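Below: one structure, written as structure tokens.
All of the numbers you see were taken from the coordinates with simple rules; none came from a lab. Predicted, not measured: the structure shown is a model, and the values here were computed from it. Cβ placement follows ideal geometry from the backbone for every residue including glycine, while neighbour counts extend to all protein chains displayed.
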Amino acid sequence: MARDAGKNDFESASSAPLLKIGHIAQMLGVSAARIRLWEDEGLITPTRTESGQRRYSMRDLKHLERVRRLVNSGEMTFAGVRATLGTADDPATETSDEGLARPEIGARTKLLRQRAGLSLRELAGLIGMSPSALSAFERGNSSPNIGRLSQIAHAIGITTNELLGVDQQRDEIVVRRDQRERIVDAAGVVIENLYLSPTVLQSQMVTVKPGCGSGHPMTHEGDEFLIVIEGAIEVVLDATDVYRLETGDAMNFASTRPHIYRNHGSVDARVVWVNTPPTF
């Protein structure tokens, strides 16, 4: 049931009300998770308090109403919505994760893209990224989040592991704790392989720090299984279905469903994540 906005629903800044995400979601008739996804996709940039909480102005509300109409029309991708809004990403706005700032990944991406017969503009169009942002990544001047890297890899026709140059030719069936290969150490997200030899089960340990997550939505062939062994995470499927998983909770879903994950808690979340076949 709707309720009137109380003093805790908005704050005053420069004489204009700044509303919290819950109240904005209520006014728009969408979930807070959906607004956070739109933020991940570069469709809105809210003000942040010193503690990192989102705040929205009435101008933001009008902007989000337009975003909702465009998304709900079903006639365009997120990239199309960005272009319509005039906020298509570029090197200045594309999400960058310091832990992935490795020029060799960009150079490998360029080589693999060319081998696949894709131009820079063609690949950028496939993943809804501006050509200038993709070019900056290939030159080693920017570093996309893990979700974006996954999009790039699968648009080229390879796995994320292959894009990152992970060697999976060792014939060992036991992986000691200190033998785990860390394939991603992004800002707030660490992914370690729990296998060394080729296998149909791509098992990984994913550690997500508070307030962090995968970024852009990922899709690929296969199925996924995960179990939270510490903390809690939120998994969003198809931009609308939100699942909060606590320690001990497990989940499985088709990898073809667009999916992202985030840690909205106050402690690190650790998740054993399995893909089959190994298409991540």
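Is region 133-152 home to any residue that is buried (at least 17 other Cβ atoms within 10 Å of the Cβ), among the basic types (K, R) and under 19 Å from the mean Cα position of the chain (by Cα)? Yes, the conditions are met somewhere in region 133-152.
If the condition is being closer than 22 Å to D238 by Cβ, in contact (Cβ under 8 Å) with a residue 40 or more places away in the chain and touching a Gly at 6+ places or on another chain (Cβ under 9 Å), then region 43-76 contributes only R68. For region 159-174, taking the residues that are surrounded by fewer than 18 Cβ atoms within 10 Å (Cβ to Cβ) and β-branched (V, I, T), the one that is nearest to A83 (Cα to Cα) is identified as V166.
Would you call R170 among the charged types (D, E, K, R), farther than 16 Å from T109 by Cβ and part of a loop (DSSP other than H, G, I, E, B)? Yes.
Residues in region 255-280 that are within 16 Å of Y243 (Cβ to Cβ), part of a loop (DSSP other than H, G, I, E, B) and touching a Ser or Thr at 6+ places or on another chain (Cβ under 8 Å): S255, R257, P258. Going through (1) more than 27 Å from T247 (Cβ to Cβ); (2) touching a strand residue (DSSP E or B) at 6+ places or on another chain (Cβ under 8 Å); (3) buried (at least 21 other Cβ atoms within 10 Å of the Cβ); (4) of a type in the set (A, V, I, L, M) one by one, V189 falls short only on (1).
Residues in region 129-149 that are out of contact with any Pro (no Cβ under 9 Å at 6 or more places or on another chain) and closer than 22 Å to A239 by Cα: P144, N145, I146, R148, L149.
Which members of region 225-241 meet the condition of being touching a residue at least 40 places away in the same chain (Cβ under 8 Å) and crowded, with 17+ Cβ neighbours inside 10 Å? Of everything in region 225-241, those that are touching a residue at least 40 places away in the same chain (Cβ under 8 Å) and crowded, with 17+ Cβ neighbours inside 10 Å turn out to be L226, V228, E234, V236, A239.
The listed residues are V184, V206, V190, and the only one of them that is touching a Phe, Trp or Tyr at 6+ places or on another chain (Cβ under 8 Å), outside any loop (DSSP other than H, G, I, E, B) and not polar (S, T, N, Q) turns out to be V206.
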